[in-house]
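Each value in this text was obtained by applying a stated rule to the coordinates, not by laboratory testing. Quantities reported herein were computed from a predicted structural model and do not represent experimental measurements. So basically every Cβ, Gly included, is an ideal-geometry build from the backbone, and we count neighbours across all protein chains shown.
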Amino acid sequence: MNFRVIQAIYMIALLFSVNLYATELKEIQLYPGEGILESASFTFPEPPEWKTNWGNKGGLEPPYIRFSGQKNYDSDWNAILKFEKLPLKLDGGFLSFKVFVTEQVELELSLGNSSKKNVSLPANTAKEIKIPLEDIFDSFPVEVSSLNLKLKGVPAWHYITLLVGEISIYSKNSENESNLEFPTQESSETFVLSETVFSKPSRDFMEGSFTLPYSRAGYSIEVRDSLKNISSTGIFLSEMENEKIKEMPKEISVSSFMNKAYLFAKNLVRDSVIANPRTLLQNGKLLSASHDYTLLPILAMDVDYDASECESLSADSSCAKYQVVKGHFLGAAPALEFVRGSQIQLVFDPYFWLSNRNGEQSFELEVSVAGKNYSMKGASVVMIEFPQLGKYEMVLRVQRAGIKTEWKYTVEVQ
Amino acid sequence: MKKFLAICFLFVSISFGKSYDINFYGFGEMCAKISGKDGFWKMDGSECSQMKSSVLRSLFQSVRVRVLDAPQYSSSPGFRLERPFLIVDGIHLDPENPRSLSDFEKDVEAYGLPTLLKSLGYTPMLIQFPQTVNMELEVNGKNLAKVLQYFAKAKVIPWTYPNQDGFVVFGISQGGVLGRYGSYLYDISKKSDEAPVCFFASLDSPHQGAVIPRGILATINFWAGQGIRAAEDFADLVSAPGAKELLLYDTEMGLLNMFGPRLDSDRWLLNDYRKAAEYKGFPSILLSEGQIFGKLNSNEKLYFELNRYAEKFSKTFGRAVSRVSYSESEDSEFSYNRVYESPTSTKETKKGKTPFDRVQGSVYPFGEMMYSALREGMLEEMPENMKQKIPLLGSISISTKWESDELKEGSSTFIPTTSALDLKCDGKLSVLTDCVRKQTESGLKWENPGSRSTGSSIYAVDATHPRSSEKMSGRHIEFPEGKKNVLAGIQTDMWRLLCELAKSDFDESSQEFRNSAFMGFFDPTASCLDQSKMPPMLKNAGVLNKQKFSWVRYDFHSQATEREEEVSFALPAGWQKSVRMDYGNGFPAGSIVEVQVKMENPRANWLKAEFMLTRQKNGGSQIQLEELTVKPDGSYYTLRWRIPGTDEALKNYRWGRLILNSAGGQVSLKGLRIIKETIVQEVNPQLISSSKLYPNSGYRIIPWKKESQLENGTLDFYFEKAYDGVFLDLTQVYSFKGYKNLEVAYEAGSCQDVRIYFDALLSPKEVLKLGNGKIQNNQEILELPLDKLIDVEISQDGGLSASKLILQAGKQKTSCAINSIQLK
């Protein structure tokens, strides 16, 4: 039986197995995607170019990984490729990728510790390779950490270019074990979180430091007295202020968020209703600066308030009669819109929470940033890692007592 | 043509040291957290047991300190003090963004100070108060005194020669007031065997107060009262004790004063602080960034005017107006503010003189800041597409317009020149007299003002200062950012500061500098106003800006990031991508990437390094820079690559890759940074005319000490003491372009351990020495690489240029007979 017949039988078997899996396999695309080369075992003459675009090479679409070079002696050329989505725990399936090579060579390939498979590559023709995992692993589940390629017996003084792309694993079940490129690290310092009673207005701070007023535009004593019987929450907003709170966009800046939070500080009907949001913001910034902006506190507010609303108009379109309506605000914001460094600590501490709602139920926070989600159920600190410098959308989903709101900020990693 | 980049691809050995942070807590007995040392430590060396690692702990910091490029120490905490030069940070005026130690470090780097100080043998120490606004000046001053005491005890942080070294304290802006007060409190209470404050200097510090325009203060007060948050933030700033105590106008309206001058003698600045100002226990050098020609800053009367209104059914139902001006008479308006929301209207017109608004002195953009904040506030209250909700009718559109929107004069006087100079007129403080407005240079003795100032020497933007021809004084504590005039001003101020420091260091009795690093560069008899005496190292100060990368990963040490000062890993054999870094934007063309590399236990005697620029994180379209060779001998070597091309061509190349190629070994990396040119200096030293430096009748031979024995003007000398020296004065800065080495021939057996270098002392570990040369015709011949004799970080053009060749005895009783010195 010649090689072509063997290959045809193999391809039929492969197609059969692919069809068998077709309805239940999930594609995990390894490339295009982030990845690295394991340097220690790399024996190609030149380092690869990770994202090459030389156009469509006989059916191989760019981008692809390019290996080129020549050596002055006959040898095998080895490369172990690790991808961001590896390692994976697999229960079966198949590996699929395309290759293009400028000279006819023998390719030996394997996945992690699997047995090896040899494929003959014709010159200047793209070849799609599909290997059932059952062919290279004896039992499942298996953990796959790399794609290993070897060009066998490359002759001396032959300049060869190998292009590899469209690499995927089709799997029955898969579980991403870890993030290879950016493993989350433990904080260099383990913090003890504070035991602040967030529903009380007082906060510990530096002795002798100037105390920020809640507002210089607060109600006069007389107005406060008259509003005390009307407002059970201790905060009373005008109709226009209530509109600002209600129409607050969910995609906002920290400054806009604080402009709204300030409305609660400005419209207090009595003392000791909530902690001063201006103090919390200032202290959040100070805390961040004292750590060279590698620490980012998150402020959270859960506030009940009263507001006036026009019930009926007079003839000249001014309001003839007002009514009191109830309002509620639940929100969260980072203390700053920038951080410095690739790893930062997100601090969710009751010191930075405020509420006039009954109950000691904790705040919960979900943070989505840089493609990852972090769950902070109650007071906690998490380390966030950014894959590069630049601006990121930071989504904060804050929850308390069954109510959940979502806020979007832009945070710059400088 | 940029000249400074002649250093590209050089292989030099300039040490880039480690920094240590020391955070102080508490007001009574201070506890310090020192990086590199576990626990919290009291001054007496015992542990503070009550401190814990609370996430909020740093809200209780009283002072924070960063020791830059600290001298290493073999045991805990890993560093020691040596000639501490304390730089005290100023007030943080931006209510939105507080300052961090790294912000401060970046600023002093912009002045080129750390490099200068290290080359002069000092240890730069940054002092920052976390609360410059919210804390009383007196409290922060007292805390500084405690910090000095903490260091002087030397129980926790070793200090070999505290009495001999003393403290040098240099305060910037408000830091000058805090530094002066703290130094005074420490110095009068210290024990006789504790380190003295040996020198104090301030840069543009408000010793007699500072100014925010009267109309701005009235406007802040009005709008804060209307519930505009931005105005509330400004009100917090000006009414908090750290700022209020410095301001010459009252920050509160009061019953009669209406934000007028507050010059009563019971305020701290004009009372208790005067004791510190009058103290003569150490020299005080006071530098002002203001002009002193007796003329006012600017002629514009109006700062800004904003007037926005909202119309409903063609009828105005809302309006906000703010107008702030300078006023010369009691009847003229200095501020007008109005808010109208149908049917109620509140307005406030303030009239009276604004006597300090435009006095000569450095300026700050208070008008612009207020204008921007109010404009934003008015737009928020009356946005472009305003709607009003009407019961049963839904929403109706409201028309909004600007009637006035004009910023006329964004900047105004902040630090009066005479305040920064702490000048007196007829025995009174200048701010209490017309001097603050009319003082000229006439009659002022800058280097010895006598009773005219509390400073031992004072300097301002006088006729000899490079910024004297500008229309008005420049901005208070401004950074060059491409402005040559600003850089020239900074260099002049730094020259005056260091010239005075050198003078105070000079021991009249022994006729020598106590700090030998001054020798050869500073002349104790020269006038500090004479800029022709400025050493070359100062002419390069601030030109180069060094930055660490904010995002770094190591391929063979997955846990290490940019936070680690030093990273070690086992490097496999072969061509290995070893470090990846993100600059954020395209690498600036002409900048330099620098890293220090060390290889131990090499499997073969070779190591090569390359640097690549890429557009994508994982490579592609790379630009590969030159391959450099490193000796894998266990020593650190500094590698530098110049980034080629133009900014436009490199705009997408934000990723850098360090590649190491070897047979394998243990590698350590540190000091990864980028060095940018902040300004194009037209520095082009003349090419040296002859390769023969000695003998050469065109150059002078000058011993550091008169008693050093020299044979008839030759380089045949004998030094009794170690570290005595002699220099060959080339009379001007020459470029050695085209030369690589310096060949020195000397009598066989002489000159052993004699240090040799051009212009500035390299670190003791790096400096080259004579001795063990090749014997030829009864003389020893040594060929030394020029790039190891010249510190290109501080050379005038950043390249191989110098003005003096220094020979310094490495041990006592040294004789040395030089036969020839030649460039090769």
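So here's what we get for this one:
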read-out	value
Tensor-based shape of the stretch B:298-413 (alpha-carbon gyration tensor, a/c under 1.5 rounded, otherwise prolate or oblate)	prolate
B:HIS207, B:HIS476, B:HIS557 arranged by Cβ crowding within 10 Å, fewest neighbours leading	B:HIS557, B:HIS476, B:HIS207
Mean separation of Cα contacts under 8 Å, 6 or more apart, over the residue count of the stretch B:298-413: relative contact order %	33
Theoretical gain in end-to-end length, B:GLN164 to B:ASN696 [0.36 nm per residue, Cα-Cα removed]	187.6 nm
Charged-residue dipole, Cβ positions (Lys, Arg, Asp, Glu), the stretch B:545-677 about Cα centre, Debye nearest 20	180
Cα-based Rg / Dmax (Å) for chain A	31.0, 104
Förster radius 51 Å - calculated FRET efficiency between B:GLU481 and A:ILE221, Cβ distance, rounded to 0.05	0.50
Formal net charge of residues neighbouring B:THR714 (Cβ-Cβ distance under 15 Å; K, R +1; D, E -1)	-2
Options B:MET253, B:GLY112, A:LEU151, ranked by Cα towards positive dipole end of the protein assembly as shown, top entry (Cβ charges)	A:LEU151
Residue-averaged [θ]222 nm for chain A, counting only DSSP H segments that reach four residues, each worth -39500 (n - 2.57)	-5000 deg cm²/dmol
Burial ordering of B:THR251, B:THR115, fewest other beta-carbon atoms within 10 Å first	B:THR251, B:THR115
Vicinal HN-Hα couplings computed from phi for the stretch B:799-816 (Karplus, 6.51 cos²θ - 1.76 cosθ + 1.60; Hz; Gly/Pro x)	x, 7, 9, 6, 10, 9, 10, 10, 10, 9, 5, x, 8, 6, 6, 9, 10, 8
Computed E for A:HIS328/B:SER332 - FRET, C-beta separation, R0 41 angstrom, nearest 0.05	0.20
Extension gain, B:LYS351 back to B:ALA748 (0.36 nm per residue minus Cα-Cα distance, nm)	134.4 nm
Ordering of B:299-306, A:307-314, B:129-136, B:170-177 by packing [mean C-beta count within 10 Å, highest first]	B:170-177, B:129-136, B:299-306, A:307-314
Theoretical ellipticity at 222 nm over chain B - DSSP helices of four or more residues, -39500 (n - 2.57) apiece, nearest 500	-5000 deg cm²/dmol
Antiparallel bridge percentage (DSSP; both residues within the protein assembly as shown; nearest 5)	85
Dipole moment magnitude, nearest 20 debye, the protein assembly as shown about Cα centre, only Lys, Arg, Asp, Glu C-beta charged	720
Relative contact order for chain A, counting Cα pairs under 8 Å that sit 6 or more residues apart, in percent	14
On Cα atoms only, tilt of A:3-21 relative to the major axis of chain A in degrees	30
Kirkwood hydrodynamic radius of chain B, from inverse mean 1/r over distinct Cα pairs, in Å	29.5
Net +/- balance of residues flanking B:GLU105 in space, Cβ distance below 13 Å, scoring K and R +1, D and E -1	+1
Charge dipole of the stretch B:545-677 about the Cα centre (unit charges at C-beta), most positive-ward option of B:VAL595, B:ALA663, B:ILE674	B:ILE674
Taking chain B and dividing mean pair separation by its residue count, relative contact order in percent (alpha carbons under 8 Å, at least six apart)	11
Per-residue Cβ neighbour rank within 10 angstrom, fewest leading, B:ARG640, B:ARG580	B:ARG640, B:ARG580
Förster-model FRET efficiency, 51 Å R0, A:TRP54 and B:ARG603, C-beta, rounded to 0.05	0.85
Rounded, prolate or oblate (a/c below 1.5 giving rounded, otherwise prolate when a/b exceeds b/c) for the protein assembly as shown by Cα gyration tensor	oblate
Size of electric dipole in the stretch A:339-414: Cβ of Lys, Arg +1 and of Asp, Glu -1, about Cα centre, debye, nearest 20	120
Cα→Cβ-extended label distance, 7 Å offset, between A:LYS391 and B:ALA573, nm	5.0
Dipole-positive endmost among A:SER253, B:TYR459, B:LEU302 within the protein assembly as shown (Cβ charges, Cα centre)	B:TYR459
A:GLU106 versus B:GLU626: modelled label distance in nm, points set 7 Å from Cα along the beta carbon direction	4.6
Cβ-defined net charge surrounding A:LYS150, 10 Å radius [Lys, Arg +1; Asp, Glu -1]	-1
The stretch A:221-413 - Rg over Rh from alpha carbon coordinates, Kirkwood radius	1.03
Spin-label pair A:THR410/A:GLU143, simplified geometry with 7 Å Cα→Cβ offset, distance in nm	4.1
Bins of 5 Å from zero: percent of alpha-carbon pairs in the stretch B:686-823	2, 11, 21, 25, 22, 14, 5, 1
Stokes-Einstein translational diffusion, the stretch B:545-677 - Kirkwood Rh over all Cα pairs, 1.306 mPa s, 10 °C, in µm²/s	108
Calculated P(r) of the stretch B:141-264 - Cα pairs past 17 Å, %	64
